[in-house]
Amino acid sequence: METLASLLLIALGAALINNFVLTYFVGICPFLGVSKRIDLALGMGLAVTFVISVAALLSWTLTEFVLRPGALVPTAVWNAVAPAAGDAAGDAAGAAGAATVDLSVLSYIVYIFVIASSVQFVEMYVRRFFPPLYKSFGIFLPLITTNCAILFACLEILKRVEAREWGLVESLTLAVFGGVGFTLAIVLMAGIREELELADVPKALAGAPITLITAALLALAFMGFVGMGANVEKALVEQPPISAERPTSPPDSGR
Amino acid sequence: MNDSGPTAAERFVRGILPENPVYRQLLGMCPTLAVTAAVKPALTMVAATAFVLICANVLVSLIRRLLVPHLRILVFTLTIATFVTIADRVLAAYLYEMSKALGPYVPLIIVNCMIISRCEVCASKQTVGVALADAVGVSLGFLVALASVATVREILGMGTWMGLPVLPEGVPRLVLFVMPPGAFLTLGLLLGAINAWSARRARRRASATPRTVKEAA
């Protein structure tokens, strides 16, 4: 129950409350570029959700087993095998017992490599097994490599995994629902822009400026979810004490 | 490979205003919206991005003869990722608070399309000098863009500029401007203003030319 509640909070947080596009401003390029028609926007959203999940799975695995400080060689083993190296690594590190193999410096390079190659693999897979889908995605698939939403999700996961807060399930939840939030935002935007085509926009604001102003209104609307987030958190996290007090409450409810 | 194309001076000037990365090419929107709630983080971001852009442009220009066409984007990205790692570590070591405030947006420089586009358009085709001038010019253009957005947002939202009080006490603070919707709104309105200004200038130039012709006749 506890884990389910925390998963639900992560999902709601990624999709609505802290929407990737409208709160963190990641994935702005496709949000502005590919939001003219609803069907294309939906395709882009689904492609991003798919890639973000694959990349999150790969980057979680790499972070947990290779990049995380102490992942490759456990601290105890390291200290036993190379105590001299621990001392040489600096007094501060040696004194704190933190002397270990820390590859997290490499994480950015590894992540961007993982993202680029997973986009490549997803493209090959979709082309081989789902030709119609590949045709409808068209140019969007290769473009996803430079979509910051994916690297952003990987970085969030890195932060939480290094702090030993999240496992695989939490990381994947963030990735999938981050993708869902991106899809939601871009499809909503496309719906508004289809109507906007018919509106009489001042000439100077036509194109990107009016799209940004529309996005501002959309972001304003999404800020409403912040309150919802607080309420859901209260309801979910503080559930156990309430249910524990329940035996004493029937007289009150009977009144 | 010949070194045809714009000269260093042209590249430098174009990057600042005529081909401003944010206002004209709509590249690098993510940092423009995300770190401009105040001027100080915006300037730090510009410095980090400029460092990465200049180093990546120069390095790509040096190795441009070795690039294999279908692998070049990957080479650009990995080059950029290396310099971003350096910038990120330096920020974390010397400006820890700022590095924490900027959060994921420093590593996100890797996927800033502005840098990849400069590597693709200029550095992979032209000499080191031109690539350097181009990178400095585009960085200045990025500075203009981020500083303008951040100035508007910080003054309207908090009544300060670089932390110094600007607006008098009585003026209400529009907190909306330091929140996410304010970022979209400010950038949208500034883009609109620049479009209107350049349209007016183009119109004036168009109306000025026939008159001189008439006068000459």
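Here are some notes:
- Residues that are open to solvent by less than 10 Å² (accessible area, probe 1.4 Å), within 27 Å of A:Ser104 (Cβ to Cβ) and not aliphatic (A, V, I, L, M), drawn from the stretch A:26-62: A:Gly27, A:Ser59
- Contact map, the stretch B:198-217: residues that are farther than 17 Å from A:Lys203 by Cβ paired with residues that are at pLDDT below 90 and open to solvent by 70 Å² or more (accessible area, probe 1.4 Å), Cβ distance under 6 Å, separation 6+ or inter-chain. No pairs are found.
- Test: residue in the stretch B:9-23 that is of a type outside the set (Val, Ile, Thr), in a helix (DSSP H, G or I) and free of Cβ contacts under 8 Å to residues at least 60 places away in the same chain: yes
- Exactly one residue out of B:Ala208, B:Ala196, B:Ala150, B:Ala202 is modelled with pLDDT under 85 and either in a helix (DSSP H, G or I) or aliphatic (A, V, I, L, M) (or both): that is B:Ala208.
- Test result for A:Ala149, assigned to a helix (DSSP H, G or I) and at pLDDT below 90: yes
- Out of A:Gly254, A:Gly138, one residue alone is open to solvent by less than 60 Å² (accessible area, probe 1.4 Å) and modelled with pLDDT under 90. It is A:Gly138.
- Filtered by the rule that a residue be surrounded by 14 or more Cβ atoms within 10 Å (Cβ to Cβ) and within 8 Å of chain B (Cβ to nearest Cβ), the stretch A:185-205 gives A:Ala204, A:Leu205.
- Those residues of the stretch B:34-44 which are hydrophobic (A, V, I, L, M, F, W, C) and buried (at least 24 other Cβ atoms within 10 Å of the Cβ), in sequence order: B:Ala34, B:Val35, B:Ala42
- Extreme residue, farthest from the other protein chains (Cβ to nearest Cβ), among residues of the stretch A:206-224 that are closer than 26 Å to A:Ser6 by Cα and buried (at least 19 other Cβ atoms within 10 Å of the Cβ): A:Phe222
- Scan of the stretch B:29-39 for residues that are within 19 Å of B:Leu174 (Cα to Cα) and assigned to a helix (DSSP H, G or I), ordered by number: B:Leu33, B:Ala34, B:Val39
- Any chance B:Glu120 is out of contact with any Lys or Arg (no Cβ under 6 Å at 6 or more places or on another chain), among the acidic types (Asp, Glu) and at pLDDT 90 or above: no
- Of the set (1) modelled with pLDDT under 90; (2) exposed (fewer than 15 other Cβ atoms within 10 Å of the Cβ); (3) assigned to a helix (DSSP H, G or I), all apply to B:Arg173 but (3).
- Single residue of A:Val180, A:Val232, A:Val226 found to be under 30 Å from A:Leu9 (Cα atoms), in a helix (DSSP H, G or I) and modelled with pLDDT of 90 or more: A:Val180
Conditions (1) open to solvent by less than 60 Å² (accessible area, probe 1.4 Å); (2) within 22 Å of B:Leu43 (Cα to Cα), marked per residue:
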| residue | (1), (2) |
| --- | --- |
| B:Lys100 | no, yes |
| B:Val106 | yes, yes |
| B:Lys125 | no, no |
| B:Ala135 | yes, yes |
| B:Ile155 | yes, yes |
| B:Trp161 | no, yes |
| B:Leu167 | yes, yes |
| B:Gly188 | yes, yes |
| B:Arg203 | no, no |
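- Selection within the stretch B:153-170 - outside any helix (DSSP H, G or I) and either within 11 Å of another protein chain (Cβ to nearest Cβ) or not hydroxyl-bearing (Ser, Thr, Tyr) (or both): B:Gly159, B:Trp161, B:Met162, B:Gly163, B:Leu164, B:Pro165, B:Val166, B:Leu167, B:Pro168, B:Glu169, B:Gly170
- Count - residues of the stretch B:102-116 that are more than 9 Å from every other protein chain (Cβ to nearest Cβ) and farther than 20 Å from B:Ala145 by Cα: 0
The values are calculated or read from the model by the stated rules, or taken from the named source; none is laboratory data. Note that the structure is predicted; figures quoted are calculated from it, not measured. Neighbour counts are summed over all protein chains in view; Cβ atoms, including those assigned to glycine, are modelled from backbone coordinates with ideal geometry. The protein model used for the area step is the full one, side chains on, heavy atoms only, and it has no ligands, DNA or RNA in it. Shrake-Rupley method; radii C 1.70, N 1.55, O 1.52, S 1.80 Å.
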